[in-house]
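Please read the structure below before turning to the comments.
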Amino acid sequence: MSVGKLNEDLLFNTIKTDADNGTTNAISMIKKGVPSLSNEQCSIIIEMITKALATESETDKVSLVVTAPPSFSINAKTTRNVVQSMILGAQKSILITGYSLSSFFSDLVDTVIQKSQCGVFVKFFVNDLDKQPEFEKIIRYKGRFLKVYNYHQEDDKMSALHAKVISVDQQKTLITSANLSYHGQQGNIELGTLIESNNIAKQLDSIFTKLLFLKVFTEV
């Protein structure tokens, strides 16, 4: 796309290069396309564009995440790939909830344990731990960097930790209807969103921190 004699993409790239290198090539480019502008006016335009580009780069990104039959073609990320990518790529922290965990998730359970042993801080929130034998291995390895928290309400048997969430490095958060099971990751029809936002990830962490403070969860 171009405006007059200015190529927008080329101008944006030149502005970025100027910012990195301390050069002023964008001014001459603008003046070549619009000769009537002064250097000061060009500088003001460049400053406005720079701020707009910075705002764009900081904008939260949201992607659709889907579990669907293999024969179903859709232009979206798959739940299984997103879950694997997030856990494998985690460098500092993992917050994960488990309403239902099956043996299908065993390989990633091993990865979560290995991550914790390498200093990645893992917080695993579990629904009614006594009814989920697949968590036994995680519990065996709980420690300084692998915390397990149980949700169990004696007063209300129907109450549950039903949220399915994975958040890594306080940067990326997956909120989904899919459980950590074969059908949740591959067999069912499930929908979710991958949110790339520091603010959302921090809000989520704050919610669970407050729930811990209120003793809604019990550390195992």
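The values are calculated or read from the model by the stated rules, or taken from the named source; none is laboratory data. No experiment lies behind these values; they were computed from the predicted model shown. Quick reminder, even Gly has a Cβ in these numbers, built from the backbone with ideal geometry, and neighbours come from all protein chains shown.
At-a-glance table
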quantity: Sole residue being of a type in the set (S, T, N, Q) and either at pLDDT 95 or above or within 12 Å of the chain's Cα centre (by Cα) (or both), chosen from THR218, THR193; calculated: THR193
quantity: Where a residue in the range 88-99 is touching a residue at least 24 places away in the same chain (Cβ under 8 Å) and its partner, wherever it lies, is part of a helix (DSSP H, G or I) and surrounded by fewer than 18 Cβ atoms within 10 Å (Cβ to Cβ), with Cβ under 7 Å and at least six apart; calculated: LEU95/ASP205
quantity: Some residue of the range 195-202 being among the small types (Gly, Ala, Ser) and farther than 16 Å from SER100 by Cβ; calculated: yes
quantity: Considering residues of the range 67-107 that are in contact with a Leu (Cβ under 9 Å, 6 or more places away or on another chain) and among the hydroxyl-bearing types (Ser, Thr, Tyr) only, the residue nearest to PHE124 (Cα to Cα); calculated: THR97
quantity: Counted residues, the range 136-172 - those being in contact with a Leu (Cβ under 6 Å, 6 or more places away or on another chain) and closer than 22 Å to ALA90 by Cβ; calculated: 2
quantity: Cross-chain or 6+ apart pairs with Cβ under 6 Å, the range 194-219 first and more than 13 Å from LEU95 (Cα to Cα), then modelled with pLDDT under 95 and basic (Lys, Arg); calculated: GLU196/LYS61
quantity: Of all residues making up the range 49-83, the number that are modelled with pLDDT of 85 or more, not β-branched (Val, Ile, Thr) and not in a strand (DSSP E or B); calculated: 4
quantity: Residues located in the range 84-107, provided they are modelled with pLDDT under 90 and farther than 30 Å from GLU154 by Cα; calculated: ASP107
